[in-house]
Amino acid sequence: MIKIEKYTKNIVDGQVVSMGKWKECVISDIGTVVGGATPSTKKRENYDRGTIPWITPKDLSNFSGRYIDRGERNITQKGFDSCSAQMIPKNTVLFSSRAPIGYLAIANRPICTNQGFKSVIPNEDTDFLFLYYLLKYKKDDIEHMGSGTTFKEISGKTMKNIAVSVPVDIMEQRKIASILSAFDDKIELNNAINKNLEQQAQAIFRSLFIDSSEKVKWSIGNFSDLIVSTVSGDWGKESEVGNNTEMVYCIRGADIPDVKAGNKGKMPIRFILPKNYAAKRLSAGDVIVEISGGSPTQSTGRAAAISQSLLDRYDKGMVCTNFCKAIKPKVGYSMFIYYYWQYMYDQKVFFSYENGTTGIKNLDLKGFIETEEIVLPPYDVVADFDSFCQVIFNKIFANGLENEKLSLLRDSLLSKLMSGELDVSELDL
């Protein structure tokens, strides 16, 4: 595409004021678009003990940062040589081009990707952070350009020819990126704080209840000794139909990582029977467990604790999906159950309680809570731990709420900055 330089304009007190010089161009004018590839999955030598970082869209499905340096899997040099994958340099912007379209990240080191990406290596006159925010701004438009019958995909040709407007001066690009980065820097700091708080709680749990020399004096029991009841979920209806009149938010297994991180999640609205809502409504202190799903490397049994801080973020009540169950703990045992559960999940205990050899795996929740042995500490120790964790959870969700507000403000500015509506050319940053 031929570049056409222009001055964006703004109206100030009825007068047209010129702003920074921008250029109309396409993606291939500001960077090099590269795809990826997958080595044969039938050959173990392509993956076993691999050291080359290899990113797939799945690695970005719960990715909340900007910079990535590794994924779930690496590939070997032999695997790399056997396919058309390319090593892309640090500061390349990764853009998932299928299943789904629009996941974004910045390579924090040389890496390679599978074919689910159309990555953009910025030219010398293009700031990589500006490019990242530009693609973030354009991603909805790009998604609509996808084609295909099985799943929508952005081809390399399409990606190269996407029209964009870019400041000619790289310093102006950097000013725009700097403003937006300030929000993401704070969001990532809050996420790091939350991760540290969660690690502190886990460490204290292990110190008090797993590694404690006192535990030889404690009795042995099961989770069922600490649970009032377990409650099945309800998926209800997509809209108000018949007697399904109670509007609720429905927490799914996919929402668990967000909730654990202190975020609101993206729970869908569903409509269920009022009597089911009365029986299945989630309360602060409940523990949600995913009972169906998993993978060969991820067992069922993922859990999230329901806090009042989370419930307050929603304007309606909450239930869990029928692929999950809610544990109703005895008073004071919520955090003990949650962190004990998380400890056992990390120890991969739940693989032993799954049934179903093909397709979706199911967790034998009843078998687990009634047969898996755990230590039962004195109530006063458990209650003190519960009180400590409530403070931790309040801080985690306060940071999550701040991140939600920061994200909204960042996205509002993103549109104005990338369209040239806000002029930064005269700012001294």
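The values are calculated or read from the model by the stated rules, or taken from the named source; none is laboratory data. These figures come from a predicted structure and were not determined experimentally. Here Cβ is always computed from backbone atoms with ideal geometry, including for glycine, and neighbour counts include all displayed protein chains. Just so you know, the surface numbers come from the protein's heavy atoms only, side chains and all, with ligands and any DNA or RNA stripped out. Shrake-Rupley method; radii C 1.70, N 1.55, O 1.52, S 1.80 Å.
Once neighbouring chains are kept in place and the probe is 1.4 Å, which whole percent of the accessible area of the stretch 138-195 is contributed by carbon and sulfur? Using a 1.4 Å probe with all protein chains present, the stretch 138-195 comes out at 54 percent carbon and sulfur. Angle of helix 334-346 to the longest C-alpha principal axis of the chain, folded into 0 to 90 degrees and rounded to 10: 70°.
Within the accessible area of the stretch 36-132, the carbon and sulfur atoms contribute 45%, probe 1.4 Å, all protein chains present. Accessible area per residue was computed with a 1.4 Å probe on protein heavy atoms; Tyr103 scores about 70 Å². Leu427 sits with roughly 80 Å² accessible to a 1.4 Å probe, with DNA, RNA and ligands left out of the calculation. Simple point charges give the picture: +1 on the Cβ of Lys and Arg, -1 on the Cβ of Asp and Glu, and for the chain a dipole about the Cα centre of about 980 debye. Scanning the chain for GluC sites (Glu not before Pro) that sit in a DSSP loop and have at most 13 other Cβ atoms within 10 Å, the longest stretch containing none of them is 241-372. Given a 1.4 Å probe and the protein chains as shown, Val241 ends up with an accessible area of around 70 Å². Mind checking the angle between helix 128-143 and the chain's longest principal axis? C-alpha axes, 0 to 90 degrees, to the nearest 10. Helix 128-143 sits roughly 80 degrees off the main axis of the chain. Per-residue accessible area (protein heavy atoms, 1.4 Å probe) orders Tyr345, Tyr379, Tyr132 as Tyr379, Tyr345, Tyr132, starting from the largest. Note on the chain: GNM, Cα springs under 10 Å; of Trp235, Trp341, Trp218, the largest mean-square fluctuation is that of Trp218. Neighbours of Asn74 by Cβ distance under 14 Å: Lys/Arg scored +1, Asp/Glu scored -1, total +1.
Cross-link reach is defined here as a Cα-Cα straight distance under 18 Å, omitting same-chain residues fewer than 8 places apart; for Lys152 the lysines meeting it are Lys58, Lys118, Lys138, Lys139, Lys160.
Roughly to the nearest percent, how much of the accessible area of the stretch 209-297 is carbon and sulfur, given a 1.4 Å probe? Its accessible area is 49 percent carbon and sulfur atoms. Heavy-atom accessible area, probed at 1.4 angstrom with all protein chains present, ranks Val164, Val381 as Val381, Val164, highest first. One Cα centroid belongs to the stretch 386-418, the other to the stretch 123-178; the line between them spans 26 Å. Surface exposure of the chain, expressed per residue as accessible area with a 1.4 Å probe, stands at 49 Å². Across the chain, the mean sequence separation of Cα contacts (distance under 8 Å, 6 or more residues apart), normalised by length, yields a relative contact order of 16 percent. The modelled label-to-label distance for the pair Val381/Ser407, using points 7 Å beyond Cα in the direction of Cβ, is 3.9 nm. The count of lysine pairs in the stretch 276-429 that are at least 8 places apart or cross chains, and whose C-alpha atoms lie under 22 Å apart, stands at 17.
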